[in-house]
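Contents: one structure, followed by commentary.
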There are 2 protein chains.
Amino acid sequence: MAVYRGNFLYTPALGQLKVVERGWLITENGLVHSLTQRQPASAGPLTADFGDALILPAFTDLHLHAPQLPNMGLGYSEGLGGWLERYTYPIEHQYADPSYAHQLNAALISQLRRYGSLHAVIMGSTSAAAAADLLEQYRRSGMWAYVGKMNSDYPGYGVQNEQTAPSIAETVQLAHRYGGPGRVRYAISPEFVPCCSDELMAALGQLARETGLPVHSHMSEGESDLQLVRRRFPREGCYAGVYARFGLMGSGPSVMAHCLTSPEEEIALLKQHGSFVAHCPVCSLDLAGSGLPPIRRYLNEGIPVGLGSDIAGGHTLNMMQVIVAAVQISKLVVQQKPQLSPLSEVEALYLATKGGGAFFGRVGSFEPGYSFDALVIDDRHLGQLSPLHLSPAQRLERFLYCGDDRHISRRYCAGRELTAL
Amino acid sequence: MAVYRGNFLYTPALGQLKVVERGWLITENGLVHSLTQRQPASAGPLTADFGDALILPAFTDLHLHAPQLPNMGLGYSEGLGGWLERYTYPIEHQYADPSYAHQLNAALISQLRRYGSLHAVIMGSTSAAAAADLLEQYRRSGMWAYVGKMNSDYPGYGVQNEQTAPSIAETVQLAHRYGGPGRVRYAISPEFVPCCSDELMAALGQLARETGLPVHSHMSEGESDLQLVRRRFPREGCYAGVYARFGLMGSGPSVMAHCLTSPEEEIALLKQHGSFVAHCPVCSLDLAGSGLPPIRRYLNEGIPVGLGSDIAGGHTLNMMQVIVAAVQISKLVVQQKPQLSPLSEVEALYLATKGGGAFFGRVGSFEPGYSFDALVIDDRHLGQLSPLHLSPAQRLERFLYCGDDRHISRRYCAGRELTAL
């Protein structure tokens, strides 16, 4: 049992902010047992008093690319073709070098830890060894992650990244080796429909059914993208239809990044299969051009949504910036679609914590039974001589807009404090 | 004479990036004398070798509100009315307290210095004492600024912030006291047409003609805004027409913030009078709803444009984030107006340096005769094990997207290194 005191803030539901000022949080075996305003009679000695700091659930980064860390902030004015050719692919190939991948994986875990993204869904390159290395390093970190080797055997955009047979064989091997229970597990990761052969998708779908492992992929990033899918699969006509046909949606949990231009039938299939949408708003601004996703629409349908940094389509791992971009984009969407309401900061925080966290289970909240995965926010030097008495909710808002890694002073995962790597 | 070595990057014209790797920059009396690739025969001993760092011209923040520093990151989902009532106005009133204003002014100068915005055009509250204090503190800082007490005597939005006669008298006094030459000067600062009486605008216009001092105001922040102006001034029909009629445009230099929804006749008047547009892209995202300004259109017309943080309509003083937001917004504008091309990072950097800097004269570039106002960028810890050999231009791009104040290691203004305050 551990006992913590502090100002706890969390979002039990979309749009709800629960604030417990100077409250008592008790954990057992790394899980939240209770959070109360008054000192519980049964509480033992204090494990830690966080004083006036804010305590938030740790963030979930629901979509990012491991090998793209060195490309953050580069090439966004290239256009997609030049960006892939000059930036994305060279790094992906480099990632096949084990010592390079090892260093890069360590840097990625360290950066995600620094920004408080203690749960992450990560797509690797096509290198199985690099994905295995990331899984191994993650297991030593104490944090949560789903990691997959990317599968990409079909030249939908003119490039064939790998052969079908080894792609399947390596994936089956990884899935069985890293498919067991635990905080770090394998995710089946086809790149996206245009770059996957029928044979590959069928084999991965079968693997999903056999293992129950989640599927992590991209969906409807733009109109040109969707046209490729419609031409090749006229009967299904959209990504979701193809994934569903091959068992890549509906066999187990799945998370689809983007959904910028999902047609109505795709929205219906997402809903039917309980798929998560990974909303990557910074990427939508950096590589703008394919439209802005109507996230409120998905939420209204009951589709689960989380936030992703999508490095290096997005330029930052700072989840506070991702939250702010989600709010900003939602206001721009309302200008085009006045029937949708914008997201509040509290709603965007929910997406970054409990919303996306649900993909991992009971993480992202301080309700009983949730993993105690928490960030301690020291915002003493964030304000500028404010004469206003800010409420904890206002301090939270200011931290989201103006904070960075310097203002996260401590990080807990499954009840353990994470120390610097 | 001082001699510097380093990797100098600057934008002599919109869209042009000039890179002088391991070059030699010589200054005389704080002005750039020459910048050459080879060591000049006449060069004396090195004053400083910046090694592998990047050296950029200092930024110009062309529009911000001094008393809004404590409001950064607060209240953006309130809607304009609630935001003004609960956030903006209480702080503006507090700013009339001299000791509070003094502390806040010191914090503002320190923050602008930290982010490398060594030139700033700053609107105060209606307090003349607070504006005078900011001018005095700025004179001791070594940096450049235009500062004005805000004039706001007409209840266009239901609030009358001050009386006409003292507003005029105080402004005339400040303008004469701080109107002389130097790096820190007074700017005549009517809030905007809806909040200024005819009498006030006429008096300020006369003052502009008499002193030649610049005018700093807001223009066309939205359709509702424009309707107020059209109803009160049907003959002029737009902000620019009203300002021009009262001598607030065309008497001397002027800078107008926003211009989100400027009608065609306003664009023509901006062009005719050589007015600057202060583009505040972060504000356009944070308080989205009134549309995104077609900056490329203004540039095509030859209207001078700079960038503003517009705190606290925008949530950050970090000019790198402002530059990135300008690029992002320009891509979104292209989705609505395909005839306009997006801004590149190099173009946005130009706006933040030489473009906006032109309001101050010869600042924002390393061409001969320009004030040596420079930032030394230490980006050694910004990259993640990149195997790519990044060019200086790519390092610049990465700094703009991923850098913060930690990566600005030294700051020079008029040839002097600025030390921490």
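Computed from the coordinates by the stated procedures, all read-outs in this text should not be read as laboratory data. Bear in mind that the values here come from a model prediction, so they are computed numbers and not experimental data. Glycine also receives a Cβ, built like all others from the backbone with ideal geometry; neighbour counts cover every protein chain displayed.
For the stretch B:256-386, give the magnitude of the charge dipole about the Cα centre (Cβ charges: +1 Lys/Arg, -1 Asp/Glu; no others), in debye to the nearest 20.
It comes to approximately 180 debye.
With viscosity set to 0.890 mPa s and temperature to 25 °C, compute the Stokes-Einstein D of the stretch B:59-357, Rh being the Kirkwood radius across alpha carbon pairs; µm²/s, no decimals.
131 µm²/s
Give the relative contact order (percent, whole number) for the stretch B:82-203; include only Cα pairs under 8 Å separated by 6+ residues.
After rounding, I find 24 percent.
Pull up all non-local amide H partners of residue B:360: gap of 5 or more, or a different chain, and H-to-H distance under 5 Å with H placed in the peptide plane.
Excluding prolines and chain starts, which carry no amide H, there are no hits.
Given R₀ = 51 Å, FRET efficiency for residue B:177-residue B:264 by Cβ-Cβ distance, to 0.05? All intermediate terms of the calculation are to be shown ahead of the outcome.
Details: r = 40 Å, r/R0 = 0.78.
Rounded to the nearest 0.05, the efficiency is 0.80.
So what J values fall out for the stretch B:69-74 if you push phi through Karplus, 6.51 cos²θ - 1.76 cosθ + 1.60 with θ = phi - 60°, rounded to Hz, Gly and Pro as x?
My calculation for the stretch B:69-74 gives 3, x, 9, 4, x, 10 Hz in order.
Can you compute the helix-only [θ] at 222 nm over chain A? Use -39500 (n - 2.57) per DSSP H run of at least 4 residues, normalise by all residues, nearest 500 deg cm²/dmol.
On the way: 14 runs with 143 residues, N = 421.
Calculated at 222 nm, the ellipticity per residue is -10000 deg cm²/dmol.
Once Lys and Arg get +1 and Asp and Glu get -1 on their Cβ, which of B:219, B:35, B:90 lies farthest toward the positive end of the dipole of chain B?
B:35
Subtract the Cα-Cα distance of residue A:107 and residue A:93 from 0.36 nm times their separation in residues, and report this length gain in nm to one decimal. Could you put the intermediate results ahead of the total?
Working: separation 14, 0.36 × 14 = 5.04 nm, distance 1.79 nm.
Length gained between residue A:107 and residue A:93: 3.3 nm.
List the residues whose amide H sits under 5 Å from the amide H of residue B:379, counting only those 5 or more places along or on another chain, with H placed 1.01 Å from N in the peptide plane.
B:54
For chain B, just give the cysteines left without a disulfide-compatible partner, judged by no other Cys Cβ under 4.7 Å.
For chain B, the answer is B:195, B:196, B:238, B:259, B:402, B:413, because their Cβ atoms have no other cysteine Cβ under 4.7 Å.
Restricting the count to DSSP beta bridges whose residues both fall in the protein assembly as shown, what percent are antiparallel, rounded to a multiple of 5?
On the way: 48 of 112 bridges.
Here the antiparallel bridges make up roughly 45 percent for the protein assembly as shown.
Please identify the chymotrypsin sites (Phe, Trp or Tyr not before Pro) of the stretch A:319-400 that satisfy two criteria: DSSP loop assignment and at most 16 other Cβ atoms within 10 Å. Which are they? Don't skip to the answer; put the middle values down first.
Working: sites: A:350, A:359, A:360, A:366, A:370, A:372, A:399; in loops: A:359, A:360, A:366, A:370, A:372.
For chymotrypsin sites (Phe, Trp or Tyr not before Pro) across the stretch A:319-400 that sit outside H, G, I, E and B with at most 16 neighbouring Cβ atoms in 10 Å, the list is empty.
So what is Rg over Rh here for the stretch B:25-172, counting just Cα atoms and using Kirkwood for Rh?
Details: Rg = 20.4 Å, Rh = 18.1 Å.
Using only Cα positions, Rg/Rh for the stretch B:25-172 is 1.13.
For the stretch A:107-152, list log₁₀ I(q)/I(0) at each q in 0.19, 0.24 Å⁻¹, using the Debye formula over Cα point scatterers of equal strength and ignoring solvent, two decimals each.
Normalising to I(0) and taking log10 leaves -0.54, -0.82.
Quick one: compute the contact order of the stretch A:269-401, relative version, from alpha carbon pairs under 8 angstrom and 6+ residues apart, as a percent. Spell out each step's value before the answer.
On the way: 174 pairs, mean separation 28.5, N = 133.
Relative contact order, the stretch A:269-401: 21 percent.
Charges on Cβ only, +1 for Lys and Arg, -1 for Asp and Glu, centred on the Cα centroid of the stretch B:74-219; of B:79, B:154, B:125, which one is farthest towards the dipole's positive end?
The listed residue farthest towards the positive side: B:125.
By how many degrees, between 0 and 90 and to the nearest 10, does the Cα long axis of helix A:264-273 differ from the longest principal axis of chain A?
Helix A:264-273 and the main axis of chain A meet at about 60 degrees.
Quick query: amide H of residue A:276 versus all other amide H atoms, modeled in the peptide plane; which residues come in under 5 Å with a sequence gap of 5 or more or a different chain?
Under 5 Å from the amide H of residue A:276 lie the amide H atoms of A:254, A:255, A:256, each far enough along the sequence or on another chain.
Under the Karplus relation 6.51 cos²θ - 1.76 cosθ + 1.60, θ = phi - 60°, what is the ordered set of whole-Hz ³J(HN,Hα) values for the stretch B:118-133, x standing for Gly and Pro?
8, 10, 9, 10, 10, 9, x, 7, 6, 6, 5, 5, 5, 5, 4, 4
Measuring nothing but label to label, 7 Å from Cα along Cα→Cβ, what are residue B:90's distances to the other copies in nm, shortest first?
Between copies, matching label points for residue B:90 lie 5.3 nm apart.
Can you tell me what share of the DSSP beta bridges in chain A is antiparallel? A percent to the nearest 5 is fine.
Numbers: 24 of 56 bridges.
Around 45 percent antiparallel, to the nearest 5.
Relative contact order, percent, of chain A when contacts are C-alpha pairs under 8 Å separated by at least 6 residues?
Values: 935 pairs, mean separation 84.8, N = 421.
Relative contact order, chain A: 20 percent.
Over 30 Å between C-alpha atoms is what I'm after, so list which of A:331/A:354; A:18/A:149; A:149/A:337 land there.
Details: A:331/A:354 22 Å; A:18/A:149 38 Å; A:149/A:337 38 Å.
Where the Cα-Cα span goes over 30 Å, the pairs concerned are A:18/A:149; A:149/A:337.
Treating the protein assembly as shown as a set of equal point scatterers at the Cα positions, no solvent, please give the Debye-formula log₁₀ I(q)/I(0) at q = 0.05, 0.06, 0.09, 0.10 Å⁻¹.
-0.28, -0.40, -0.90, -1.09
For the stretch B:394-400, in order, what is each residue's ³J(HN,Hα) by Karplus, 6.51 cos²θ - 1.76 cosθ + 1.60 with θ = phi - 60°, in whole Hz (x at glycine and Pro)?
Each residue of the stretch B:394-400 in turn: 6, 5, 4, 4, 5, 4, 4 Hz.
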